[in-house]
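Here the structure comes first, spelled out in structure tokens, and everything after it is commentary.
Just so it is clear, none of the values below were taken in a lab; they were calculated from the coordinates. Everything numeric in this text was worked out from a predicted model, so none of it was measured. Cβ coordinates were reconstructed from backbone atoms using ideal geometry, including for glycine residues, and neighbour counts include every protein chain displayed.
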Amino acid sequence: MTWSPDYIDGILERAASERLSVIKVHSHPNGYGAFSSADDESDGKLLPMIRGWVEGELTHGSVVMLPDGQMFGRVMRNGEFAPIDCISVAGDDLQFWYADAGSLEMPSFVASHAQAFDEGTIERLQRLSVAVIGASGTGAPTIEQLIRLGVGEILSVDDDVMEERNVNRIVNSTMADAEAKRPKVDVAADAAKRIGLGTRLIAIKKNLWHPDVVRAVAQCDVVFGCMDTIDGRFLLNAISTFYNIPYFDIGIRLVADKGLIREVCGTVNYIRPGRSSLMSRGLFTMAQVAAAGLARNDPAAHERQVKEGYIHGFQGRRPAVISVNMFGSSLAVNEFLARLHPYREEPNQNHAAVTFSLASMEIISDAEEGVCLALAKSVGMGDVRPLLRMMELAEKPAA
């Protein structure tokens, strides 16, 4: 197999100027699931040439796609081929292909799950790293479900501490936790240890708007957004876009007035990088994102602008009920499972947003439509400066 210099010269020039890795992709139409001797010869010539052209300690590689869409690959390090550990696709369905698939032992506690899912799905769950942003209303039951499904690693992010008003809806919490003002993420971490199913829970007691937290979330395979702040949801959408991470956003709304419940509803939005976003779906505007950011960084200035009529104020503490939070959380986790192990009668693309109303007893799905023009050029950009192209996340260079 040969590659024309006319075809790759422009690619290599861009890679050299922007310090990018180069991955060569070709297909095996006959379905051969390994690198052939012809591939060995071709890659053995091409990859060292690329390394010589694109200076610096960058890794370059080769990937094969099979007729069913499955992919496998390798990189060259120190003149030797090494397999790519995992290739993932954040599409309507979630695909994860591992170089050593089938090598993990199935734990005994997954026996009932194995009756519903195949061993491949169980193994993928064991290998996944899932970020859950928010450890309270919908975050706590989401973490609980992921632990008991056997997810390998959970990154729990929340900078808040327990209060008495939280205990009625945060699973595994106690009044003693509230009295001690324990971090919510520590309560979740302790629960994961007590349950003992092998899930590693990494507790991060920081706000999402911190460069270290953004980078930690960017290393995960899947993200669940369990927060109601507009600027936080915008930030998660950006992380999902820049780092090609599937994002499940959970929103709950309970409208009540003096004991009269007018609406109990919620929506699970699945955000596929490169398609529509929470903004293009109309959940909020950039003006609202800016106002939320001002409220977080300068509450006094935000209050002045609200009084002067420049921006709208935000509702304070909203009514919250554990059963509604659990319903929304369960819907989100089932949405995740439906994409990891498709089981619906319709294609997953028909269910980009799933809305429920317990007042009218309805569940409505909206299909994926369009592309978010504001984020389209940022898909898969990864690490940039400033982080996510946001000045608030800019870091001062080390002295």
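Brief remarks on what is shown
- The residues of the stretch 66-108 that are of a type in the set (D, E, K, R) and within 22 Å of V223 (Cβ to Cβ), listed by number, are D85, D92, D93.
- Residue match in the stretch 196-206 (condition: touching a helix residue (DSSP H, G or I) at 6+ places or on another chain (Cβ under 7 Å) and closer than 21 Å to M391 by Cα): yes
- Any helices (runs of 4 or more DSSP H) falling wholly within the stretch 127-196 and containing at least 3 residues that are farther than 19 Å from I239 by Cβ and either in contact (Cβ under 8 Å) with a residue 60 or more places away in the chain or hydroxyl-bearing (S, T, Y) (or both): 139-149
- Meeting the requirement of 1 or more residues that are surrounded by fewer than 18 Cβ atoms within 10 Å (Cβ to Cβ), the strands (runs of 3 or more DSSP E) wholly within the stretch 222-298 are 247-257, 260-271.
- Condition met for R182 (surrounded by fewer than 16 Cβ atoms within 10 Å (Cβ to Cβ) and basic (K, R)): no
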